[in-house]
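Okay, structure first, notes after.
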Amino acid sequence: MSELRDLYQEIILDHNKRPRNFRHPEHATHQARGDNPLCGDKVTVYLTVEDGVVRDVAFEGRGCAISTASASLMTEIVKGRRIEDARELFRRFHAMVTGTEPEGIDDEDLDKLQVLSGVREYPMRVKCATLSWHTLAAALDGAAAPVSTEKPGD
Ligand code: ZN
C-alpha cells in the first residue's frame with residue numbers, strides 16, 4: 001500500500017486517465033519511439049520544432065500509469081520551450097527521480113514534476129517515469145532506432 005500512496009497520487013491518476021496531448025500530429029518534424037521492456041511501456045513522441053522552439057509535442061503509446069502520466073506531464077511542460085531548455089529540464093528531472101539532486105528545486109515547472117519524485121524509492125519505476133523523456137531526447141537527436149531503457153549507456 002505504501003507504493004500506492006507514494007506513487008499514485010491524484011495528479012498521476014488524472015493524467016493516466018486523461019492523458020494530455022495524446023495524439024499523432026500530422027506535421028511533426030521529429031519523432032522517436034521508446035520502449036521499457038521491464039514494464040512493457042511503449043511510447044512514441046512527436047515534436048514540431050520551429051526556430052529552435054518546441055511548438056508542439058504529443059505522444060502515443062501504452063504503458064503503466066506512471067509512464068503515461070509522466071509522458072502527459074512532459075508534453076505540458078516542454079511545449080513552447082527552447083530545445084536546450086527541454087534538454088535541461090530532462091537532466092534535472094532525471095536527477096530528481098534518481099535522487100541525485102536535493103528536493104525542492106527552484107523551478108516552477110520542475111515543481112509540477114515533483115509528483116513523480118516518489119519513484120526514486122522504486123528503481124523499476126524510475127524507468128517508467130523517464131521513458132518519455134529519453135524518447136523526447138532521442139527525437140531531438142533525430143534518432144532513427146527506437147530507444148530502450150535497457151540499452152547500455154542509459
Ligand atoms: Zn511502467
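Observations on the model:
- Residue under evaluation residue 56, criteria (1) acidic (Asp, Glu); (2) at pLDDT 95 or above; (3) under 14 Å from the mean Cα position of the chain (by Cα), criterion not met: (3)
Results for (1) within 16 Å of the ligand (Cβ to nearest atom); (2) in contact with an Asp or Glu (Cβ under 7 Å, 6 or more places away or on another chain); (3) farther than 20 Å from residue 139 by Cβ, shown as yes or no for each residue.
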site: 34; (1), (2), (3): yes, no, no
site: 43; (1), (2), (3): yes, no, no
site: 55; (1), (2), (3): no, no, no
site: 63; (1), (2), (3): yes, yes, no
site: 69; (1), (2), (3): yes, no, no
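- Looking at the range 50-154, the helices (runs of 4 or more DSSP H) lying wholly inside it that each contain 3 or more residues that are in contact (Cβ under 8 Å) with a residue 40 or more places away in the chain sit at 65-78, 83-98, 123-141.
- Tally of residues being assigned to a loop (DSSP other than H, G, I, E, B) and more than 16 Å from the ligand (Cβ to nearest atom) across the range 12-32: 10
- Residues located in the range 47-64, provided they are more than 13 Å from residue 20 (Cα to Cα) and either of a type in the set (Gly, Ala, Ser) or surrounded by fewer than 24 Cβ atoms within 10 Å (Cβ to Cβ) (or both): 48, 49, 50, 51, 52, 53, 54, 55, 62, 63, 64
- Yes/no for residue 136 being modelled with pLDDT of 95 or more and within 13 Å of the chain's Cα centre (by Cα): yes
The values are calculated or read from the model by the stated rules, or taken from the named source; none is laboratory data. From a predicted model like this one, the values you see are computed outputs, not experimental measurements. Note that each Cβ is placed from the backbone with ideal geometry, even for glycine, and that neighbours are counted across all protein chains shown.
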